[in-house]
Amino acid sequence: MSTDAGEYDIAIVGASTAGCTAARLFALRGARVALIERRPAVDAYKTVCTHYIQSSATPTIEKLGLAPLLEERGAVHNSIDLWTRDSGWIGVGDGEAPYGYSITRRSLDPILRKLAADTPGVELVAGWTAVGLLGDGRPGGVEIEDHGHNRRRLNARLVVAADGRDSKLARLARVPGRIKPHGRFFYWAYWSGVRPATTRSKVWLLDPDAAYTFPNEDDLTVVLLAPHRDRLPEFRSDLEGAYRRMTDALPDAPDLSNATLESKLLGKLELPNVFRPAARPGLAFIGDAALAADPLWGVGCGWAFQSADWLVEETAHALDGGGDLDRALERYRRVHRRRLLPHYLLISDLASGRPINPIERRLYRAAARDRLVRHAFEQVGSRRRSPVRMLDPRVLARIAR
Ligand SMILES: Cc1cc2nc3c(=O)[nH]c(=O)nc-3n(C[C@H](O)[C@H](O)[C@H](O)COP(=O)(O)OP(=O)(O)OC[C@H]3O[C@@H](n4cnc5c(N)ncnc54)[C@H](O)[C@@H]3O)c2cc1C
């Protein structure tokens, strides 16, 4: 039995990073928003994430009014050092580049969801799953279902899929993604008391394996390993032993001798890269539903914030009666593609697990010794600038030198 349950400007499916950001920003522009989330608890959080939020997303975090709440919770102002065999450590100093945030999803998700739900104009519909799209062709809303199999129809002028990397809405709307396979797998755990104590994150590109440490609030550090798929049998036969051996063998390895393991060992074995067109008439995709890339580079949360922001910027005026909504959606699709496709191509190529090539070796060596190259490298790595930045003739000349 299905009932009509209201008219909205926008129905957003998924109340995680992307969905909550879009809901709040749309509502601040005066829109009436249904924010649908299948998990009933307001303080639910994502466990499969290492939550290094790139500085590219800081302007959106500030626009949301989220930054002071993250500061209050003790979020770390993040920065990163990268190690390769050719270069040793590469990193710009503290304060030399804008910061992003590192904060566990256990803290972030409830803060952000509450912020969105408390915004006048947002109705959080928690404990309901989107199971269908209304309308023939152009979506006119969503059908939702609760645990008791009760159904409701929510009519909306715009449907937003913020339902993550396995987007059900994409399947319902038949918008397939372009998929590129992933050549590594991931195991990680949370530790307290890691030494030396630092707020700087570290990434090791061990060619072909990789690893990182991300410090967060409450002295919690994620220690993650991303071995090449060839090493899967070794990890399957002795998971904890393989995790400790590989961690201890890292150059300048984190000292875990007096650290406390604060979680079980978490793993993710399959993480294909997926990219799909971010909009079609009446329907937009944001966050992982539009683009889910290799987590090694810590981009997904930042792009969830940013893509939601771009969608609101492009469509809010049309939703307010100021123009054609589908043309605004097409503009959003193009912005998303222009901003993220070059990064995606680079990331998904590196995610294959192929060896580092001679040009990359030269780049890493140049970044370690040359300030201009290092800063350009940081701007691209933090996703504030396009990879095209590295083709600047002055940067190329320094790399070639
Ligand atoms: C191992 C790993 C490590 C990562 N580390 C990082 C990192 O360090 N930094 C970083 O930036 N990113 C990282 N990411 C990526 C990051 O977790 C995602 O990019 C981010 O969570 C995407 O946010 P989202 O809002 O688009 O989707 P999600 O966070 O996946 O949220 C989707 C939401 O939709 C809801 N939903 C789904 N289907 C329905 C439905 N039919 N009806 C109603 N609700 C529905 C879900 O319950 C969920 O709340 C990592 C990912 C992985 C797998």
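Residues of segment 208-256 being more than 22 Å from Arg85 (Cβ to Cβ) and assigned to a loop (DSSP other than H, G, I, E, B), which ones?
Once the filter is applied, which keeps residues that are more than 22 Å from Arg85 (Cβ to Cβ) and assigned to a loop (DSSP other than H, G, I, E, B), segment 208-256 yields Asn216, Asp238, Leu256.
Looking at segment 294-306, which of its residues are in contact with a Ser or Thr (Cβ under 9 Å, 6 or more places away or on another chain) and more than 8 Å from the ligand (Cβ to nearest atom)?
Asp294, Phe305, Gln306 - these are the residues of segment 294-306 that are in contact with a Ser or Thr (Cβ under 9 Å, 6 or more places away or on another chain) and more than 8 Å from the ligand (Cβ to nearest atom).
Out of (1) within 27 Å of Leu341 (Cβ to Cβ); (2) touching a helix residue (DSSP H, G or I) at 6+ places or on another chain (Cβ under 8 Å); (3) of a type in the set (A, V, I, L, M, F, W, C), the odd one out for Leu224 is which?
(2)
With within 30 Å of Arg333 (Cβ to Cβ) and touching a residue at least 24 places away in the same chain (Cβ under 8 Å) as the only criterion, which of Arg171, Arg165, Arg229, Arg200 stands out?
Arg165
Listed here are the residues, each with its yes/no results for (1) closer than 19 Å to Ser79 by Cα; (2) open to solvent by less than 70 Å² (accessible area, probe 1.4 Å); (3) acidic (Asp, Glu); (4) at pLDDT 95 or above.
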{"position": "Trp204", "(1), (2), (3), (4)": "yes, yes, no, yes"}
{"position": "Asp219", "(1), (2), (3), (4)": "yes, no, yes, yes"}
{"position": "Pro227", "(1), (2), (3), (4)": "no, yes, no, yes"}
{"position": "Asp230", "(1), (2), (3), (4)": "no, no, yes, yes"}
{"position": "Gly241", "(1), (2), (3), (4)": "no, yes, no, yes"}
{"position": "Ala249", "(1), (2), (3), (4)": "no, no, no, yes"}
{"position": "Ala278", "(1), (2), (3), (4)": "no, yes, no, yes"}
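Which of the residues belonging to segment 286-321 are open to solvent by 20 Å² or more (accessible area, probe 1.4 Å) and either in the same structural domain as Ala210 (by TED's automatic domain parsing) or in contact with a Lys or Arg (Cβ under 6 Å, 6 or more places away or on another chain) (or both)?
Answer for segment 286-321, where residues must be open to solvent by 20 Å² or more (accessible area, probe 1.4 Å) and either in the same structural domain as Ala210 (by TED's automatic domain parsing) or in contact with a Lys or Arg (Cβ under 6 Å, 6 or more places away or on another chain) (or both): Asp288, Glu314.
State whether the residues of segment 376-393 include one that is within 16 Å of the ligand (Cβ to nearest atom), of a type in the set (Asp, Glu) and surrounded by 21 or more Cβ atoms within 10 Å (Cβ to Cβ).
For segment 376-393, residues within 16 Å of the ligand (Cβ to nearest atom), of a type in the set (Asp, Glu) and surrounded by 21 or more Cβ atoms within 10 Å (Cβ to Cβ): absent.
Pick from segment 1-29 the residues that are farther than 14 Å from Asp118 by Cα and away from the ligand (no atom under 16 Å from the Cβ): which of them is modelled with the lowest pLDDT?
Going through the qualifying residues, I end up with Met1.
Out of segment 42-71, which residues are within 11 Å of the ligand (Cβ to nearest atom) and outside any helix (DSSP H, G or I)?
Within segment 42-71, Ala44, Tyr45, Lys46, Thr47, Val48, Cys49, Thr50, His51, Tyr52, Ile53, Gln54 meet the criteria.
So how many residues does segment 29-58 have that are over 24 Å from Val222 (Cα atoms), surrounded by 16 or more Cβ atoms within 10 Å (Cβ to Cβ) and small (Gly, Ala, Ser)?
Of the residues in segment 29-58, 2 are over 24 Å from Val222 (Cα atoms), surrounded by 16 or more Cβ atoms within 10 Å (Cβ to Cβ) and small (Gly, Ala, Ser).
Does Ile80 meet the test of being modelled with pLDDT of 95 or more, out of contact with any Leu (no Cβ under 7 Å at 6 or more places or on another chain) and closer than 30 Å to His317 by Cβ?
no
Every residue in segment 87-125 that is under 29 Å from Val76 (Cβ atoms) and in a strand (DSSP E or B), please.
If the condition is that a residue be under 29 Å from Val76 (Cβ atoms) and in a strand (DSSP E or B), then Gly88, Trp89, Ile90, Gly100, Tyr101, Ser102, Val122, Leu124 are the ones that fit.
Can you tell me which of (1) assigned to a helix (DSSP H, G or I); (2) at pLDDT below 95 is the one Leu329 doesn't meet?
(2)
Looking only at segment 84-140, which residues are open to solvent by 30 Å² or more (accessible area, probe 1.4 Å), within 16 Å of the ligand (Cβ to nearest atom) and within 30 Å of Ile356 (Cα to Cα)?
Once the filter is applied, which keeps residues that are open to solvent by 30 Å² or more (accessible area, probe 1.4 Å), within 16 Å of the ligand (Cβ to nearest atom) and within 30 Å of Ile356 (Cα to Cα), segment 84-140 yields Pro98, Tyr99.
Which residue out of Gly135, Gly65 is on the phi > 0 side of the Ramachandran plot and at pLDDT below 95?
Gly135
The values are calculated or read from the model by the stated rules, or taken from the named source; none is laboratory data. Keep in mind the model is a prediction, meaning the values are calculated, not measured. No Cβ is skipped: glycine too gets one built from the backbone with ideal geometry, and neighbour counts run over all protein chains shown. For accessibility, only protein heavy atoms count, side chains too; no ligands or nucleic acids. Shrake-Rupley method; radii C 1.70, N 1.55, O 1.52, S 1.80 Å.
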